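J.: Pasting a structure below so you can have a look.
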Amino acid sequence: MPTTRAMSPRRPRKTGATSGTHVAIIGAGRGGTALMEIFATDPLVQIVGVAEILANAPGIALAKRLGIPVTRDYRRLLDLERVDLIIDVSGNAKVWELLQDFHRMGVTIIGGASAKFMWELIEARIRATAEIEKTLNKYQSLYRLYVKETGVAVTEERTRIACEMHDGLVQNLAGVNFKLDLSQQLIRKDPKASLATLRESKAQLKLAIQEARQVIFNLRPLHYDKMELLPALTNYLTSYETQYHIKTQFRVSGDEQILYPRTKIFLFRIVQEALSNVEKHAKATLVTVGLDIDPELLRVTIGDNGVGFDMDTVLRDPDKWDHFGIRGILERARLVGGEGKIESKKGRGTTIVVDIPLTTKETTPHGKN
């Protein structure tokens, strides 16, 4: 049996907030736990009590840690003087039937399908946040493993990932957070509008989860055990075509097994950087990637049918090197003993050719795992 505290109808215990919405929760299972986790950090919400009959419910320990009064009799929550919102996530039909007959000025009741939708949305948000944190932690270790002394390439890689997360993932999560705040404000004034906002939040959260998965893939495109380059490039091009609506063509000849893992990783990043530049600047409808592997030379050719640019002007201005991603591509090629060449003319697209000798450069220490 969980530890309970006497719940006075006159003076409910404070949990950190001094004003705002006073919330009581019926049920300390998954739904109640999710609600406590999100409301406990909100300065505008005060949880005044939790009702749960099961001693081993997962939310009991959390309520105890947060200092929230717990009772086995949910009717005590109805008697509290300071309560604005009662949320029933117990799943008990009899409890919900009684609550529907409960009426008191200034008190809003949410239960049934609406309450379930609310806590499932909040739980999904918590899981997405945890996935993002896990991804960021994984990124740190992967980055140390893949590129230890890459100079400019390291800075550019960090910038690229930061931009991906800021422009996509973080913006979507910020939008979800705004909609949840709005839904909370509408709960008492307009429950139907609140539910509609929650549905929009759920859809946007799904998009944020997709963004998180794309960031994860970009961080670790090649699996440690097989380090397969061709499947990774194929998957990336498919995702790129779907996301940016730019048609891709992939051609390959030779056996990737003769390449060292480090070379495969840098080659993938070169393709990734080049296609990112196509999406940002080229206004292209088609991009082609060719990979030719023979025992002495690895050559990758990337071309697009975009607007192109004046190479002479760009090469005279170091700032434009960075703007068009030229520096990153050439630097990555040099880091694996190769060299890159870029050809472009206004109105005629851009072609990038990277040659990496395999007979001598691939036997140096940088090519080892």
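J.: Which pairs do you get when a residue that is closer than 10 Å to Ile86 by Cβ, found in segment 96-113, comes within reach of a residue that is assigned to a strand (DSSP E or B), reach meaning Cβ atoms under 6 angstrom, with the pair 6+ apart or on two chains?
T.: Leu99/Asp88; Leu99/Ile109; Thr108/Leu85; Ile109/Ile86; Ile110/Ile87; Gly111/Asp88
J.: Any chance segment 63-76 includes a residue that's over 27 Å from Gln204 (Cβ atoms), acidic (Asp, Glu) and touching a strand residue (DSSP E or B) at 6+ places or on another chain (Cβ under 8 Å)?
T.: yes
J.: From the list Thr360, Thr351, which residue is in the same structural domain as Asp292 (by TED's automatic domain parsing) and modelled with pLDDT of 90 or more?
T.: Thr351
J.: Taking Gly290 as the residue in question, decide whether it is outside any helix (DSSP H, G or I) and under 18 Å from Ser239 (Cα atoms).
T.: It is true that Gly290 is outside any helix (DSSP H, G or I) and under 18 Å from Ser239 (Cα atoms).
J.: Now for a different question. State whether the residues of segment 50-61 include one that is free of Cβ contacts under 8 Å to residues at least 40 places away in the same chain, small (Gly, Ala, Ser) and closer than 23 Å to Arg127 by Cα.
T.: yes
J.: Do we have Ala282 as assigned by TED's automatic domain parsing to the domain that holds Glu241, over 16 Å from Val354 (Cβ atoms) and crowded, with 17+ Cβ neighbours inside 10 Å here?
T.: Spelling it out, Ala282 is indeed assigned by TED's automatic domain parsing to the domain that holds Glu241, over 16 Å from Val354 (Cβ atoms) and crowded, with 17+ Cβ neighbours inside 10 Å.
J.: Go over the candidates Thr263, Thr242 one by one and state the one that is surrounded by fewer than 19 Cβ atoms within 10 Å (Cβ to Cβ), assigned by TED's automatic domain parsing to the domain that holds Val354 and either among the β-branched types (Val, Ile, Thr) or part of a loop (DSSP other than H, G, I, E, B) (or both).
T.: Thr242
J.: Sticking with this structure for a sec: Kindly check whether there is at least one residue in segment 309-329 that is modelled with pLDDT of 85 or more and of a type in the set (Lys, Arg).
T.: Within segment 309-329, not a single residue is modelled with pLDDT of 85 or more and of a type in the set (Lys, Arg).
J.: Separate question: State all residues of segment 99-138 that are surrounded by fewer than 14 Cβ atoms within 10 Å (Cβ to Cβ) and more than 33 Å from the chain's Cα centre (by Cα); if no residue qualifies, say none.
T.: Passing the criteria: Gln100, Asp101, Phe102, His103, Arg104, Met105, Gly106.
J.: Just need a number here: residues in segment 27-75 that are charged (D, E, K, R) and buried (at least 19 other Cβ atoms within 10 Å of the Cβ).
T.: Number satisfying all stated conditions: 1.
J.: Do we find that Thr234 is more than 23 Å from Leu358 (Cβ to Cβ), among the hydroxyl-bearing types (Ser, Thr, Tyr) and either in contact (Cβ under 8 Å) with a residue 24 or more places away in the chain or in a helix (DSSP H, G or I) (or both) in this structure?
T.: The answer is no for Thr234.
J.: Considering Ile161, Ile110, Ile132, which residue is modelled with pLDDT of 70 or more, in contact with a Leu (Cβ under 9 Å, 6 or more places away or on another chain) and more than 19 Å from Met36 (Cα to Cα)?
T.: Exactly one residue qualifies, and that residue is Ile132.
The values are calculated or read from the model by the stated rules, or taken from the named source; none is laboratory data. Here the structure is a predicted model, which is why all the values come from computation and not from measurement. Positions of Cβ are generated from backbone atoms using ideal geometry, with glycine treated the same way; all protein chains shown enter the neighbour counts.
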